[in-house]
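Asks: Mind looking over this structure? Questions follow.
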Amino acid sequence: DQTMIVRRSTLELSGGFPKQPLMEDVEASFRWRERGEILYLGQEWLVSGRKWKGSFLKRFSLIVSLMIRYPWIRLWSRKKAEAYTQQLFNEYYPPA
């Protein structure tokens, strides 16, 4: 549901995408920011909105909650935040 363009050298120097089930894009962004400035290209991209059909407020609340908790935990420990992603994944994709 988003687009990220990254130089291969930056991706390799930062260890690639984290091997975690959720928030890997956020973690990667934190790592890239540590290496230097992130540039917004100002380009619009077309992505699917299927995930947003249904209960918008419920989905929005969940995503805001995830986006607050992950960085907060990461402030204390990057390793703990990466481990915490399994719990976040289970909230985002609840077992049927």
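Asks: Can you tell me the accessible area per residue over segment 38-84, all protein chains present, probe 1.4 angstrom, in square angstrom? Show your work: numbers first, answer last.
Replies: Working: 4140 Å² over 47 residues.
Value returned for segment 38-84: 88 Å² of accessible area per residue.
Asks: If you don't mind, another one. Note down the Stokes-Einstein diffusion coefficient of the chain in µm²/s, whole number, using a Kirkwood radius over alpha carbon pairs, 4 °C, and 1.567 mPa s. Write out the running numbers ahead of the final one.
Replies: Numbers: Rh = 15.0 Å.
Result for D is 86 µm²/s.
Asks: Can you list which of the DSSP-assigned H helices in the chain have a Cα extent of 27 Å or more along the long axis and an average Kyte-Doolittle score of at least -0.5? Could the numbers behind the result be given before it?
Replies: Working: long enough: 56-76 (31 Å, 0.80).
Taking the DSSP H segments of the chain (at least 27 Å long, mean hydropathy at least -0.5), we get 56-76.
Asks: Right, something else. Hey, any idea what % of segment 1-79's accessible area is carbon plus sulfur with a 1.4 Å probe? Mind dumping the intermediate values first?
Replies: Details: 3760 of 6480 Å².
Carbon plus sulfur share of accessible area: 58 percent.
The values are calculated or read from the model by the stated rules, or taken from the named source; none is laboratory data. Source: prediction; values computed, not measured. Note: accessible area is taken over every heavy atom of the protein model, side chains too, but ligands, DNA and RNA are not part of it. Shrake-Rupley method; radii C 1.70, N 1.55, O 1.52, S 1.80 Å.
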